[in-house]
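Read-outs: derived from the displayed coordinates by stated rules, not from any lab. Note that the coordinates shown come from a computational prediction; the quantities given were computed from them, not determined experimentally. Cβ coordinates were reconstructed from backbone atoms using ideal geometry, including for glycine residues, and neighbour counts include every protein chain displayed.
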Amino acid sequence: MPSDREYELVYIVAPTATDAEVEALQAEISELVQKLGGSVENTDVWGRRRLAYEIGHHNEGIYIVQLLEGPGEMIAELGRRLRVRDQVLRHLTVRVDEDLRKVRRAAEKKKATVQRRRAARGKPPLPEADSAPAAAGSPEVAATDAEATSAAAKTAETSEVQQ
């Protein structure tokens, strides 16, 4: 069993934080992740959003989503450090490697089906390099993206309910 897993870290920063403070917090988290033996695969700033309920007299927050890869000990330390930060209103870490593996497997299965059907019709197989751009608008890829989004949403809902 591999020691490195993929995690999605979502944290909400207080709306009183400036852009420079938010960037400094992101850089601090990235440095901490690398120091603990992980890596930040992707960072997505969703921006200022309205909260579902008031947290610490704040009705808004700045949402940041990061895709991390690393060991479980890294996640425990990140959670500990995020809990003590005054700027961070809430944080949630979800393991997503199983969901991503399922999505990749479904995409490969769809791709094999398309290739098999093309061969049955007597058409040449799609080239590997051109299949991604050509299939980007296809219903098969859209269905796979929808499955990935719904799987991630179900995982996040389950995690919120457990807290």
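With distances taken between every two different alpha-carbon atoms, the range 8-48 has a Kirkwood hydrodynamic radius of 11.2 Å.
Converting the Cα gyration tensor eigenvalues of the range 5-95 into ellipsoid dimensions via √(5λ) gives semi-axes, longest first, of 22, 13, 12 Å. Whose amide H sits under 5 Å from the amide H of residue 51, counting only residues 5 or more places off or on another chain, with H placed in the peptide plane? The list, which skips near neighbours in sequence, is 60, 61. Among 111, 123, a tally of other beta-carbon atoms within 10 Å of each Cβ gives an order, fewest to most, of 123, 111. If you add up the charges near residue 59, with Lys and Arg at +1 and Asp and Glu at -1, over every other residue whose beta carbon is less than 13 angstrom from its beta carbon, what do you get? Net local charge, residue 59 excluded: +1.
Determine the sum of side-chain charges near residue 85: Lys and Arg each +1, Asp and Glu each -1, restricted to other residues whose C-beta is under 15 angstrom from that of residue 85.
Values: positive: 80, 81, 83, 90; negative: 21, 23, 28, 31, 77, 86.
It works out to a net charge of -2.
Please turn the phi angles of the range 119-128 into ³J(HN,Hα) values with the Karplus equation 6.51 cos²θ - 1.76 cosθ + 1.60 (θ = phi - 60°), one per residue in order, whole Hz, x for glycine and proline. Each residue of the range 119-128 in turn: 5, 5, 7, x, 8, x, x, 5, x, 4 Hz. Remark on residue 89: its backbone amide H falls under 5 Å from those of 12, 13, 14, a criterion applied only to residues 5 or more positions apart or on other chains, H modelled at 1.01 Å from N. Remark: the range 44-58, residue by residue, has Karplus-estimated 3J(HN,Hα) of 10, 9, 7, x, 7, 10, 7, 7, 5, 8, 5, 10, x, 6, 10 Hz, where x stands for each Gly or Pro and the curve is 6.51 cos²θ - 1.76 cosθ + 1.60 at θ = phi - 60°.
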